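Quick notes on the structure that follows.
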């Protein structure tokens, strides 16, 4: 009973994975997708799902697919998202985030880590108008607060 | 909260009349006044002060206070305990979330009143909506200036439409700006925390080592997130900086103790 329930759960994820893969450049048959999704879920599901896969599809995965597959492009608010996955004998061995471009045409790296940057490289907005100031000393000495007040009075 | 709040209206909303600015200012002042009355630790009779002293048990406190506490606890979980609503001596301290929540509520009140273009700056925490203005090629003559000094000009030509811009000031040289950042959707909020030699001190999670960061500015979609993460990164150091930039959709500009800068890719000048 439990084996069947687990296999059904794996099948639910297969339908999502299957659709995704078919939109990409490589179409993978459903039985192979089942094995892949089983690899990514919990170990208990693997054996059951593998057994279900062996008994279900007529053309079982005789020659396991290997290679690099590119996923479809997904639009997000930060720009487009695309990854590629490397598969070796039904096992995912690597997932690569591809370089993306955001709407401004600037290159957006998947890694959002803060890295060393020169002062000359930091963003300085084109517009000459600055309406607000922010800084660590804003609340500790009156300088920035007074500066903000001056900007407000100037109607900048 | 002990700090002045700066409110700007964008030109589009300011055209509704000078009274629009006055009533907007009143709206913001009312919201901050309420938060201050309930949560300021500088006021002996605020509800939070009474809870901190033990005069009221947390379980007997108002829904508003307990909701605030819940928000802070949630952030404690999300920052692996680096951000916490308790001081080292165990006393409750909600200052890490109160300012952000007050700003957020003030902003929501302005939006509810039909104002879509504004900026709020409370203690260096900035939240914006809409745009400051359309940019014009030429100004009309001085006699069309409004009494407050704002000029309303007819557009000779509309060039690009600017965003609200915030200048991040150098903590080592307050006359110097290290970044001027347009607060573009979705990162419409920025908060800056620091570890000053004198003045306010953030307890660090670094085994009583001082923070490697003299100042941290976080750009986020909402002001509470920006505020909490700026505090957490100062307190937690490099490990927290990397965890938070991995997990949250934020931009961060950090100033190290020796003056060097760290920045996420979104704060890099485009070529």
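The values are calculated or read from the model by the stated rules, or taken from the named source; none is laboratory data. Source: prediction; values computed, not measured. Positions of Cβ are backbone-derived with ideal geometry, glycine not excepted, and every protein chain shown enters the neighbour counts.
Looking across B:190, B:165, one residue alone is at the interface with chain A (Cβ under 10 Å from one of its Cβ atoms), out of contact with any helix residue (DSSP H, G or I) (no Cβ under 7 Å at 6 or more places or on another chain), closer than 21 Å to residue B:131 by Cα and crowded, with 22+ Cβ neighbours inside 10 Å. It is B:165. When the stretch B:254-271 is filtered for residues that are closer than 19 Å to residue B:195 by Cβ, assigned to a strand (DSSP E or B) and facing chain A (nearest Cβ under 7 Å), the ones remaining, listed by number, are B:254, B:261, B:262, B:263. Quick check, is residue B:90 surrounded by fewer than 13 Cβ atoms within 10 Å (Cβ to Cβ) and closer than 30 Å to residue B:238 by Cα? The answer is yes for residue B:90.
Just to be sure, is residue A:125 at pLDDT below 90 and within 34 Å of the chain's Cα centre (by Cα)? Taking the combined requirement at face value, the residue satisfies it.
Taking helices (runs of 4 or more DSSP H) as the structural unit, those lying wholly within the stretch B:1-99 and holding at least 2 residues that are within 19 Å of the chain's Cα centre (by Cα) correspond to B:18-39, B:63-78.
Restricting attention to the stretch B:112-121, does a residue exist that is out of contact with any helix residue (DSSP H, G or I) (no Cβ under 7 Å at 6 or more places or on another chain) and assigned to a helix (DSSP H, G or I)? For the stretch B:112-121, residues out of contact with any helix residue (DSSP H, G or I) (no Cβ under 7 Å at 6 or more places or on another chain) and assigned to a helix (DSSP H, G or I): present.
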